């Protein structure tokens, strides 16, 4: 599937330090001989991480959480990596003075080992390779309890319920039964690839964590064509389309973020079996 060259608008790897680095990255990944699976430079090598640059995230969550559909319930994040988006989410909630966001629990799901392998034959952007966006690499430790404490501290939330593991292993009946999962106010899905998004949405629909009015915030609709374009879809966007069809879900897109092809805020209106 040829969806064109990766562009400067969506590099996938954050905090490129300067234009020269961006140019080198684009030159490398657009080379016809580029092997994304064996590119050691494609992994996060971050010594310092700038947590001040969260204005875009803050604005996105503030917009999402300001919707009239918001009631009480839980907040879910799939793919927490650095804690940066949780911090932005917390700031947005505090800005709204909790008047419309009466959340009970914050749940964060992550393997802390980076991305899993994508479904065989499924297109993905070059940076969405196995092992990328690893919290263990970012925080320079294999101790996941230390990582959880650091993310919780960064986020500003008093308590986060972490569900550790790759989704194919962790999103199951045992996890549902062993945790206090209330209906979702907001679900932030930042898992990049098709495979993980399918697993996330299937879990949320199957166990009826999604309800009428739940807000889905997708981070990686990437350089993906509009739903009605007739062009090939991939990643989070294809998974959203397929799982909404599977569960006969009705939904509306409130807002895309920085461009038509990147972030999106979607409200679930109803679906088959919705309580």
Quick check, is residue 272 assigned to a loop (DSSP other than H, G, I, E, B) and either crowded, with 21+ Cβ neighbours inside 10 Å or out of contact with any strand residue (DSSP E or B) (no Cβ under 8 Å at 6 or more places or on another chain) (or both)? yes
Extreme residue, nearest to the chain's Cα centre (by Cα), among residues of the stretch 177-206 that are farther than 24 Å from residue 62 by Cβ and in a loop (DSSP other than H, G, I, E, B): 193
Give just the number: which of (1) part of a loop (DSSP other than H, G, I, E, B); (2) touching a helix residue (DSSP H, G or I) at 6+ places or on another chain (Cβ under 6 Å); (3) under 23 Å from residue 117 (Cβ atoms) does residue 163 not satisfy? (1)
Enumeration of residues in the stretch 204-221 that are in contact with a helix residue (DSSP H, G or I) (Cβ under 9 Å, 6 or more places away or on another chain) and surrounded by fewer than 22 Cβ atoms within 10 Å (Cβ to Cβ): 205, 206, 207, 209, 219
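State whether the residues of the stretch 230-244 include one that is within 20 Å of residue 56 (Cα to Cα) and surrounded by 23 or more Cβ atoms within 10 Å (Cβ to Cβ). If you could, list the steps in order and put the result at the bottom.
To start, the set of residues in the stretch 230-244 that are within 20 Å of residue 56 (Cα to Cα) comprises 236.
With the extra rule that they be surrounded by 23 or more Cβ atoms within 10 Å (Cβ to Cβ), the set shrinks to 236.
Within the stretch 230-244, one or more residues are within 20 Å of residue 56 (Cα to Cα) and surrounded by 23 or more Cβ atoms within 10 Å (Cβ to Cβ).
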Name the residue, out of 180, 174, 199, that is farther than 20 Å from residue 86 by Cβ and out of contact with any helix residue (DSSP H, G or I) (no Cβ under 8 Å at 6 or more places or on another chain). 174
Name the single residue that is modelled with the lowest pLDDT among those in the stretch 207-249 being part of a loop (DSSP other than H, G, I, E, B), more than 15 Å from residue 122 (Cβ to Cβ) and under 13 Å from the mean Cα position of the chain (by Cα). 221
Only one of (1) modelled with pLDDT of 95 or more; (2) on the phi < 0 side of the Ramachandran plot fails for residue 112. Which number is that? (2)
Which members of the stretch 98-128 meet the condition of being within 25 Å of residue 212 (Cβ to Cβ) and over 14 Å from the mean Cα position of the chain (by Cα)? 98, 99, 100, 101, 102, 103, 104, 105, 106
Residues of the stretch 125-136 being surrounded by 22 or more Cβ atoms within 10 Å (Cβ to Cβ) and either within 18 Å of residue 221 (Cβ to Cβ) or modelled with pLDDT under 80 (or both), which ones? 125, 127, 128, 133
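The values are calculated or read from the model by the stated rules, or taken from the named source; none is laboratory data. Predicted model, so just to flag it, every value in this text is computed and none were measured. Cβ coordinates were reconstructed from backbone atoms using ideal geometry, including for glycine residues, and neighbour counts include every protein chain displayed.
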